[in-house]
Amino acid sequence: MKYLSIALIGLLPWATMAQNGDKRGEQQAPLPEHLVLPPSPPLSPEDALASFTLPPEFGIELVASEPLVGDPVAMEFDPDGRIWVVEMRGYMPNINGTDEDKPVGRVVVLEDTDADGRMDKSTVFLDKLVMPRAIALIDGGVVVAEPPRLWFCKDTNGDLKCDERSEIANDYATQNDPKHGARSNPEHASNGLMWAMDNWIYSANHDVQFRYEGGHWIRQATYSRGQWGISQDNAGRIYFNSNSDQLRGDVVPAAYLTRNPHFTNARGAGVRLASSQEVWPSRINPGVNRGYRPGTLREDGRLHKYTGACGPVIYRGNQFPASYLGNAFVCEPTGNMVRRNLITEKHGSLEANNAYHEMEFLTSSDERFRPVNAFNGPDGTLYIVDFYRGLIQHRIYLTSFLRGQIEDRGLQEPIGLGRIYRVYHRGKDRQTAPAMSSMNSAELAAQLSHPNGWSRSVAQRLLVERRDASIVPTLNAMVTNNRQPHAQLHALWTLDGMGGAEWSVIETALNATSPKVRSAAIRVAEAHLAGSLGPAVLERLISHQFDLPEVQLQLALTLGQSNDPKALEAMAGMLSRHHEHPYLPSAILSGLHGREADMLDLLITRGSWWRPESLATSAPIYSELAQCIMRSRASHPLVQVFASMNALDTTHQKALLEGLRAGAFKKSQGKWVLSGDPIELPSSLPELLTLASSKDQGVAELAVMLADAFIWPGKANTLIKLTKTEPLTQVQQERFEAGKALYTFTCGACHQPHGMGQEGLAPPLKDSDWATGSEQNMIRIALHGLQGPIEVLGKQWELMMPGLATALDDDQIASILTYVRREWGHTATPIDPNEVKAIRDLYPGREDLWTVKDLSQIP
């Protein structure tokens, strides 16, 4: 039978078999009868090439396939053009997902021995690995991620075989640690390992960044980015995504935004760049895990929105036309396609949009084409890693609907295949890249001006690893050459990676014609702020406070590294002029730890910096400053804030009071409750009493509420409302400890170990009313899942969180919820397994995810 009705598939016996991804009582209805599914046999690499559709000016060719490579998930070119490939051969070896802990993963090296553009030799560098997932080439060695370890592997005799390896870390991709057994989760675990322009190695889905200096590994905390895949642009900005959120990026270096522990809503990292998540495959896509749900597929059976976005890459090559430079290419294996996004920049803000109207850059009619990663290559073209197989959904999330299709249509077999493709522009020949490993330092320095970003980045890394002091004068000269801004940028960061650029060189770069070079020079200059040249350096940097907005954005971040009052004055000026900028206020507030009240005084002194029509952007800044001050619990800045109230209009008084309230109170079950003990002040606050009698009702109510947040000598004890947290019983404490372990690999991948969530993926649990409020609603969400939109801590989230009803029992769910309600300073009541059972029994046939509207209507 050539075509099989999808309606028939939905009625087969397997539909009643429970899978991990099923929801208790859910009826996975068949799709409409008018949809028919063409067969999906495995295609040979040559036949698969005929399945692709691209713009006519582009071509696609095979670089490598089985048996040279199998189950590829990541790759990296070495300086001589060989491809190092990670093979995750243990992934879903059967439809039940058993035996994933078998050591069958490998790292192989592919070579093109006859220079025809196609790999013809494969050497196993390292084998007997369990679910390897990432690779990086560093200092003649290879960093390999094998959960939960990062290995540094070396070939000591030149035979392309690993002869020695040492452990860099033992906490990488812990969610996929084999010790978790059936709960080991490869879909939400660390990966990427990208050497970035600032000489740090960043990962997707990991909260540590690494740096290699002189044979030693340095690690530093960072925030967790995305889910699978990571890339950078020609300015060194980092990009990533998650399955249903195709592209996000760090508009500013994220490390700055974590400097102020009391400012938790900083903007500029993990920014959603693409507002539309619609996709336009060229084939029907019923083999989607939840394709039975309305809205998952279009009427014609094609995927409607991203559900497997991964492997983004920013094109930095020189083989495509110039208009493609800086474009973001995003893989979608579920839809058998690759998106091309145009990225536009304005004043330091970025936006991504599909380059075509209701079309995609690359699509395939082959259901087994599974693009999972994309990379720039040494020849300036685009490379795509194809994890060629029928089943890519992991067993943890697999539904009966999808299992039925896999079994009925024979999509599970074969496995162990895989392809790497090259996408090229027909109007320009591919260039053969020279071997860079044998280049001397002068030759590598010349590569920093190469039109291909891959060549520039590799040359920078090799120079930083060599630390050849003789090349410094050459690099200094490159920094001063305004005709080659890309070379200027890489030369600056090469000098920084080799030990630091001299101030005289940086000062020259501050006069560069490129705003990105000026921004980088400001950032690199930070190393000199604390030295003997500090005052002169600061004066020179402050002179850029009227530069272009994107340069001021970096300046705002850098001035926060200085405690000099002149820096604070300059930041106040920029804040007053650019408070409407989406990221500059956050850049400034992130560097004000302990100086928020001083900044507030400077803004109030300026008085006329805000206009009536700009209240929407000026008032929130007052609120955020006040919130930071209240969270610090320091009495002197608080007294300072109240003393400044008289100089303000009621709008800004209210803004300050709302910020103070947000810093001292939290909402619980719809009511504001004090989140900690009252703050002790040396004396009373007469300004607070004056505000409490304000003619403005909003101001008065806020002032009355805030009275509960303070205690001072002579204040009547009856006004102080202290709430004591009942300690956990021994049984509850044991449940808490069990919940902590369960949380790590069940919830922590998305909500993170620190409970602050992850941009574009999961909202914070820490300080969230959803986590510490209604026990019944929290249990409902844990059991059956939640679909957005939902507001958490003042921010809207679009999400689709699966429930745990089929994966965990009542005691396990109670343990996780108890942990969440008592961790991170929470004092909410613990959850008992009987409470979970009662809610579970109330909804034996519930099929849908909960929504905020649903939950609000429950008495």
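Quick look at the values:
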read-out	value
Long-range neighbours under 7 Å by Cβ, at least six apart or interchain, first residue in a loop (DSSP other than H, G, I, E, B) within segment 806-824, second open to solvent by less than 10 Å² (accessible area, probe 1.4 Å)	GLU823/GLY755; TRP824/GLY755
Members of segment 342-365 that are under 19 Å from TYR421 (Cβ atoms) and of a type in the set (D, E, K, R)	GLU360
Which numbered condition PRO132 fails, given (1) part of a strand (DSSP E or B); (2) open to solvent by less than 20 Å² (accessible area, probe 1.4 Å); (3) in contact with a Lys or Arg (Cβ under 9 Å, 6 or more places away or on another chain)	(1)
Condition met for ILE415 (more than 29 Å from ARG237 (Cβ to Cβ), of a type in the set (A, V, I, L, M, F, W, C), in contact with a Lys or Arg (Cβ under 7 Å, 6 or more places away or on another chain) and touching a residue at least 12 places away in the same chain (Cβ under 8 Å))	yes
Residue within segment 516-536 that is free of Cβ contacts under 8 Å to residues at least 40 places away in the same chain, hydrophobic (A, V, I, L, M, F, W, C), open to solvent by 10 Å² or more (accessible area, probe 1.4 Å) and in contact with a Gly (Cβ under 7 Å, 6 or more places away or on another chain) present	yes
So ASN170, is it at pLDDT 95 or above, surrounded by fewer than 19 Cβ atoms within 10 Å (Cβ to Cβ) and under 23 Å from the mean Cα position of the chain (by Cα)	yes
Selected residue (criterion: least open to solvent (accessible area, probe 1.4 Å)) from residues of segment 476-509 that are outside any helix (DSSP H, G or I) and within 15 Å of LEU529 (Cα to Cα)	ALA501
Number of the condition not met by VAL107 [criteria: (1) surrounded by fewer than 21 Cβ atoms within 10 Å (Cβ to Cβ); (2) touching a residue at least 12 places away in the same chain (Cβ under 8 Å); (3) at negative phi]	(1)
Within segment 166-180, tally of residues that are assigned to a loop (DSSP other than H, G, I, E, B) and of a type outside the set (Ser, Thr, Tyr)	4
Spans of helices (runs of 4 or more DSSP H) in segment 695-798 with at least 3 residues open to solvent by less than 50 Å² (accessible area, probe 1.4 Å), modelled with pLDDT under 85 and among the small types (Gly, Ala, Ser)	none
Strands (runs of 3 or more DSSP E) contained in segment 201-280 and holding at least 2 residues farther than 23 Å from CYS310 by Cβ, among the basic types (Lys, Arg) and open to solvent by less than 20 Å² (accessible area, probe 1.4 Å)	none
Count - residues of segment 1-55 that are surrounded by 15 or more Cβ atoms within 10 Å (Cβ to Cβ), modelled with pLDDT under 70 and among the aromatic types (Phe, Trp, Tyr)	1
Some residue of segment 455-471 being under 30 Å from ALA309 (Cβ atoms), small (Gly, Ala, Ser) and modelled with pLDDT of 95 or more	yes
Qualifying residue in segment 384-404 (condition: part of a strand (DSSP E or B), open to solvent by 10 Å² or more (accessible area, probe 1.4 Å) and either out of contact with any helix residue (DSSP H, G or I) (no Cβ under 9 Å at 6 or more places or on another chain) or modelled with pLDDT of 95 or more (or both))	no
Failed condition for ASP300, given (1) in contact with a Phe, Trp or Tyr (Cβ under 9 Å, 6 or more places away or on another chain); (2) in a loop (DSSP other than H, G, I, E, B)	(1)
Exclusive hit being open to solvent by less than 10 Å² (accessible area, probe 1.4 Å), in contact with a Cys (Cβ under 8 Å, 6 or more places away or on another chain) and within 30 Å of LEU656 (Cβ to Cβ), set LEU584, LEU600, LEU589, LEU557	LEU589
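The values are calculated or read from the model by the stated rules, or taken from the named source; none is laboratory data. Please read these numbers as outputs of a predicted model, since none were measured by experiment. Reconstructed Cβ throughout: ideal geometry from the backbone, glycine too, with neighbour counts over all protein chains shown. Just the protein is used for accessible areas: all its heavy atoms, side chains included, with ligands, DNA and RNA removed. Shrake-Rupley method; radii C 1.70, N 1.55, O 1.52, S 1.80 Å.
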